[in-house]
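The values are calculated or read from the model by the stated rules, or taken from the named source; none is laboratory data. This is a predicted model, so every value here is computed, not measured. Every residue, glycine as well, gets a Cβ built from its backbone with ideal geometry; the counts of neighbours run over all protein chains shown. When the accessible area is computed, the model is the full protein with side chains, heavy atoms only, and any ligands, DNA or RNA have been set aside. Shrake-Rupley method; radii C 1.70, N 1.55, O 1.52, S 1.80 Å.
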Amino acid sequence: MNGESELYDLTIIGGGPAGLYAAFYGGMRDMKTKLIEAREELGGRTVMYPNKIVWDIGGVPPTRCGQITSRMIEQAMTFEPTIVLGQQIAGLERLIDGTMVVTSDRGERHHTRSLILAVGHGALKQAKLAIEGAERFEAANLHYSVTDLEVYRGKRILISGGGDSAVDWANELERVAASVALVHRRNRFTGHELNVKRMKESSVEVRTPYAIKELHGDGDRIEEVSIARLDSEGQPSEPPERLAVDAVIVNHGLRGDFGRIVDWGLEMGDWNIRADAKLATNIPGVFVAGDTADHPGKLHLIAGAFADAALAVNGAKRYLDPEAPRAASVSSHNAKFDEKNSALSR
Ligand SMILES: Cc1cc2nc3c(=O)[nH]c(=O)nc-3n(C[C@H](O)[C@H](O)[C@H](O)COP(=O)(O)OP(=O)(O)OC[C@H]3O[C@@H](n4cnc5c(N)ncnc54)[C@H](O)[C@@H]3O)c2cc1C
């Protein structure tokens with residue numbers, strides 16, 4: 001349930017490390033908290049590198065990022081915040097009583113007394129194939145995700161990309177397709193090494209460093225694709241060659257899009273939002289946290305996102321109640337954990 005008409009103390013936009021930790025810390029500060037994420041899953045940029053082993057979070061020995069993402073989500077749920085997925089926040093209104101309404105790009109409305117923008121580099125969306133006019137093929141056989149393998153049974157498939165999804169799709173489709181070719185602009189793959197090995201040992205035709213240069217087709221269907229080998233500058237080093245295909249699947253990672261937030265009147269840098277040392281922006285009641293925050297001590301790491309989140313929640317708390325303590329009591333002195341501690345000690 002979205003709780004759209006309910007008034008929240010704190011609404012957090014963005015479900016990456018900063019937003020997730022802010023959701024936890026909002027509970028520590030007894031704030032009625034909602035988190036809204038544009039994508040259908042939580043985790044922010046950490047979902048881009050689930051297999052990477054992360055070494056640089058204090059107190060966390062080397063751990064695969066997928067596990068860190070799961071733990072961040074689990075911690076965020078401690079005080080049962082309302083979570084809304086699949087809504088990109090676009091608009092901000094101030095009501096006469098000083099509360100705010102944020103609106104999604106589809107018109108859903110969320111009432112709140114304070115706001116934290118934990119939006120990273122903007123709402124994460126699949127990067128499109130950078131070829132002019134490519135969108136005209138999207139309805140027919142240019143795809144950015146694979147939902148049903150059966151669609152590709154007996155077909156000739158070309159995949160572009162070198163990350164986890166591209167490699168996983170190549171391995172899955174190899175079992176059903178007539179043929180699978182994969183082009184990647186680098187020799188090195190970022191996908192899980194075991195899956196890369198499996199792909200290279202299979203019938204998948206792997207071409208690196210190669211890129212798609214042109215799509216050919218009458219009307220809205222791609223029939224052939226020109227691919228070219230790249231030199232060290234990323235430019236074609238040989239004349240392109242044409243491959244006949246039934247479908248092209250592209251996975252070039254996620255790109256951020258700030259959308260209409262740039263029109264809110266926030267003081268902005270090129271790709272981030274200015275804030276003071278307490279993470280307050282120039283709009284009263286609106287705070288920032290994580291990669292989107294531009295402040296003198298900014299650390300563009302997961303650890304920095306956590307610190308920003310706690311500071312931003314404390315700022316929001318004292319915006320609503322200037323007499324409130326500067327921070328939440330630490331775990332050992334916090335009565336909120338008494339019951340949970342007893343349950344854990346049993
Ligand atoms: C490949 C890679 C490797 C990295 N490795 C490390 C590492 O080893 N260690 C480390 O500490 N850091 C690492 N980082 C950096 C780390 O991932 C970021 O610092 C961290 O994810 C920032 O968290 P965030 O919550 O500020 O933003 P993000 O993780 O970017 O999350 C922002 C979220 O907000 C959502 N959003 C944006 N706009 C809207 C909107 N209008 N409405 C609703 N939702 C919205 C987005 O969809 C996204 O989910 C790496 C980053 C990358 C890309």
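See the values below:
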{"quantity": "Candidate set from region 278-300 (those that are touching a strand residue (DSSP E or B) at 6+ places or on another chain (Cβ under 8 Å) and within 7 Å of the ligand (Cβ to nearest atom)); member that is nearest to ILE57 (Cα to Cα)", "calculated": "ALA289"}
{"quantity": "Search result, residues across region 155-197 that are open to solvent by 50 Å² or more (accessible area, probe 1.4 Å) and in a loop (DSSP other than H, G, I, E, B)", "calculated": "LYS155, GLU174, ARG175, ALA178, ARG185, ARG186, ASN187, ARG188, THR190"}
{"quantity": "Neighbours by Cβ (under 9 Å, 6+ apart or cross-chain): first from region 318-332, touching a residue at least 60 places away in the same chain (Cβ under 8 Å); second open to solvent by less than 70 Å² (accessible area, probe 1.4 Å) and in a loop (DSSP other than H, G, I, E, B)", "calculated": "TYR319/GLY285; LEU320/MET31; LEU320/GLY285; ALA324/ARG29; ALA328/ARG29; ALA328/ASN334"}
{"quantity": "The listed residue being among the hydrophobic types (A, V, I, L, M, F, W, C), outside the structural domain of ALA166 (by TED's automatic domain parsing) and either modelled with pLDDT under 95 or within 30 Å of LEU142 (Cα to Cα) (or both), out of LEU320, LEU299, LEU311, LEU266", "calculated": "LEU299"}
{"quantity": "Of residues in region 122-153 being assigned to a helix (DSSP H, G or I) and more than 16 Å from VAL225 (Cβ to Cβ), the one most open to solvent (accessible area, probe 1.4 Å)", "calculated": "GLU150"}
{"quantity": "Considering residues of region 22-69 that are open to solvent by 70 Å² or more (accessible area, probe 1.4 Å) and part of a helix (DSSP H, G or I) only, the residue nearest to the ligand (Cβ to nearest atom)", "calculated": "ARG45"}
{"quantity": "Condition met for LEU92 (closer than 27 Å to ASP257 by Cβ, assigned by TED's automatic domain parsing to the domain that holds ALA303 and not in a strand (DSSP E or B))", "calculated": "no"}
{"quantity": "Conditions (1) within 30 Å of HIS216 (Cα to Cα); (2) within 14 Å of the ligand (Cβ to nearest atom); (3) of a type outside the set (D, E, K, R): number failed by LEU129", "calculated": "(2)"}
